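One structure is given below, encoded as structure tokens.
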Amino acid sequence: MDMQDVMQDVRKTASVAVIIPAYNEASRIGPVISAVTRARYVSEVIVVSDGSTDGTAETARSFGVRVIELERNVGKGGAMKAGLDATAAEVVAFIDADLVGLTPDHVDELIRPVVLGEADATLGVFSGGRSSTTLAQKLTPGLSGQRAVRAALVRDIPMEGARFGIEVVLNKHLASRGARVKRVTLHGVSQVMKEEKRGRLEGFAARLRMYWEIVSHMKG
């Protein structure tokens, strides 16, 4: 698709808000916000600082985007819901704050099928980045935090309390509504591992908590 075609698409499409939930991501969120703000389909960017104590909110504000600061950490699902409640956009995209290699084109590729009516939702899957994150998403692509969706489909989902189980909650809800979900390959994108953020032991403990939250929602 050339530039002229892209701009014609943008003029006729719906409003799009990108919501970035973030907990203590001050040192990593900058490149993500930069990529999102330069994407052609994005109308609004909302960063939700989920009880962060490291300057995440201040870093986000330096990019001129809207920032919501939650007083306490409520978990990923609650942060996503706070962002969703703060926008009237017709399409919302959720992007993790700790991605590596994200470009504006990746963001547009994730959003485009929804705004053009080719799908009700998309799911971004890593490929060609770090081998660890690529393998993880090949095994469990449905757990990707990168997705776009028609806002009307998800406004009534009880996201609060889901924490890292939110991806499972979203998948179940979209399936129950018969939504058309398209997978979008995000070439060259990867993610910072919890062990790298918090150290080996604390990161491993955080990973176990994440898995427990995911499994508990799979059973629910």
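The table below lists the values:
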{"item": "Subset of the stretch 131-162 [more than 19 Å from VAL192 (Cβ to Cβ), part of a loop (DSSP other than H, G, I, E, B) and at pLDDT 70 or above]", "result": "ARG155, ASP156, ILE157, PRO158, MET159, GLU160, GLY161"}
{"item": "Selection within the stretch 157-192 - buried (at least 20 other Cβ atoms within 10 Å of the Cβ) and among the basic types (Lys, Arg)", "result": "ARG163"}
{"item": "Complete set of residues in the stretch 68-84 that are open to solvent by 30 Å² or more (accessible area, probe 1.4 Å) and over 13 Å from the mean Cα position of the chain (by Cα)", "result": "ILE68, GLU69, LEU70, GLU71, ARG72, ASN73, VAL74"}
{"item": "Qualifying residue in the stretch 36-47 (condition: modelled with pLDDT under 95 and closer than 18 Å to VAL107 by Cα)", "result": "no"}
{"item": "Selection status of GLY128, closer than 27 Å to SER27 by Cα, at pLDDT below 85 and surrounded by fewer than 16 Cβ atoms within 10 Å (Cβ to Cβ)", "result": "yes"}
{"item": "Hits in the stretch 42-92 (condition: more than 15 Å from VAL154 (Cβ to Cβ), charged (D, E, K, R) and in contact with a Phe, Trp or Tyr (Cβ under 7 Å, 6 or more places away or on another chain))", "result": "ASP50"}
{"item": "Only one of ASP50, ASP96, ASP105 that is at pLDDT 95 or above, over 24 Å from ALA119 (Cβ atoms), under 16 Å from the mean Cα position of the chain (by Cα) and of a type in the set (D, E, K, R)", "result": "ASP50"}
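The values are calculated or read from the model by the stated rules, or taken from the named source; none is laboratory data. Since this is a predicted model, take the numbers as computed values, not measurements. When we count neighbours, we look across all protein chains shown, and the Cβ atoms used for this are built from the backbone with ideal geometry, even at glycine. All accessible areas refer to the heavy atoms of the entire protein, side chains included, with ligands and DNA or RNA removed. Shrake-Rupley method; radii C 1.70, N 1.55, O 1.52, S 1.80 Å.
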